[in-house]
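See below for the structure under consideration.
FYI, it's all coordinate maths here, none of it is from the lab. Being a predicted model, the structure only gives us computed values, none of them experimental. Glycine gets a Cβ as well: all are built from the backbone with ideal geometry, and neighbour counts include every protein chain shown.
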């Protein structure tokens, strides 16, 4: 898909799910990957081990996001891992999930959601910019929820709308350095950790029936889009939200 040999990448929330798949894919294309985790150290170590068994290079860095000092803790580990080298690729993947519909989400849950999904990626980008090489890549994981009216995900969709706006404005600002800034918006994606959610009677069938490509997504479906955006082949794409949902809820399927 594209050679990333010699490049460095930071992937947040890479201990499982989509983040793990992204880290693994970037490493498979030659990047040295910093695998960030919040609390799942075991998962991050497993990600690093899988990358190294496949001949890649990776290291795990822990930092709980959404709390005071989170970015400082993260970048203490990142800078130690880089050892004076620049950063080439930043993938903001870590996120807190939907907390519920309006009336069910508490103020504490709402504030946590925005702290993890909006404040953390914003200040991670800010902190990364002095380390990021000209011509680098910033990719943030959004969600197809931003283009749908799903009452159970109102606050979550609001956070993803915020990072989509951040993507567009930063792309305009950072283009003079050759840095591309894009977002990838997955739809319903079955992972090892959320698989039980799709066991609810009729849910998988309902989502599949509303998806143009007629199946649930998997982590690799998203990871390959992210990896493409990280390569030189995507050098002329910036300020965009790339839908990676398989065509979820495009309209009635006749």
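FRET efficiency for residue 250 and residue 133, Cβ-Cβ distance as r, R0 = 25 Å, nearest 0.05? The value I calculate is 0.10. Judged by the gyration tensor of its Cα atoms, with axes a ≥ b ≥ c, segment 1-135 is prolate; a/c meets the 1.5 cut and a/b is the larger of a/b and b/c. Taking only the C-alpha atoms of segment 32-105, Rg followed by Dmax gives 14.8, 49 Å.
Compute the relative contact order of the chain as a whole-number percentage, counting only Cα pairs closer than 8 Å that sit 6 or more residues apart in sequence.
Details: 506 pairs, mean separation 48.9, N = 254.
The normalised contact order for the chain reaches 19 percent.
Between segment 1-64 and segment 90-105, the C-alpha centres lie 22 angstrom from each other. In this simple spin-label approximation, residue 50 and residue 194 carry label points 7 Å from Cα along the Cα→Cβ vector, and these lie 1.6 nm apart.
Of the beta bridges in the chain, as assigned by DSSP with both residues counted there, near 5 percent are antiparallel.
Taking the chain as a Gaussian network, Cα atoms linked when under 10 Å apart, which of 239, 38, 195 shows the biggest mean-square fluctuation? Among 239, 38, 195, the largest GNM mean-square fluctuation belongs to 195. Taking every DSSP helix (H) stretch of at least 4 residues in the chain, weighting each as -39,500 (n - 2.57) and dividing the sum by the residue count yields a mean residue ellipticity at 222 nm of -11500 deg cm²/dmol.
Counting only Cα atoms, the chain measures 52, 40, 39 Å along its principal axes, largest extent leading. For the peptides 244-250, 130-136, residues were scored by their other Cβ atoms within 10 Å and the scores averaged per peptide; the highest-first order is 244-250, 130-136.
Calculated on the alpha-carbon coordinates, the convex hull of segment 123-174 measures out at 79 cubic angstrom per residue. In this simple spin-label approximation, residue 67 and residue 149 carry label points 7 Å from Cα along the Cα→Cβ vector, and these lie 4.0 nm apart. Of the residues 76, 95, 14, the one that moves most in a GNM of the chain with alpha-carbon contacts below 10 Å is 76. Taking springs between alpha-carbon atoms closer than 10 angstrom, which of 143, 155, 54 fluctuates most in the Gaussian network model of the chain? Answer for the Gaussian network model of the chain: 54.
For an R0 of 30 angstrom, estimate the FRET efficiency from the Cβ-Cβ distance between residue 126 and residue 214 and round to the nearest 0.05. It comes to 0.15.
Label positions at residue 57 and residue 236, each projected 7 Å from the Cα along the C-beta direction, are separated by 3.2 nm.
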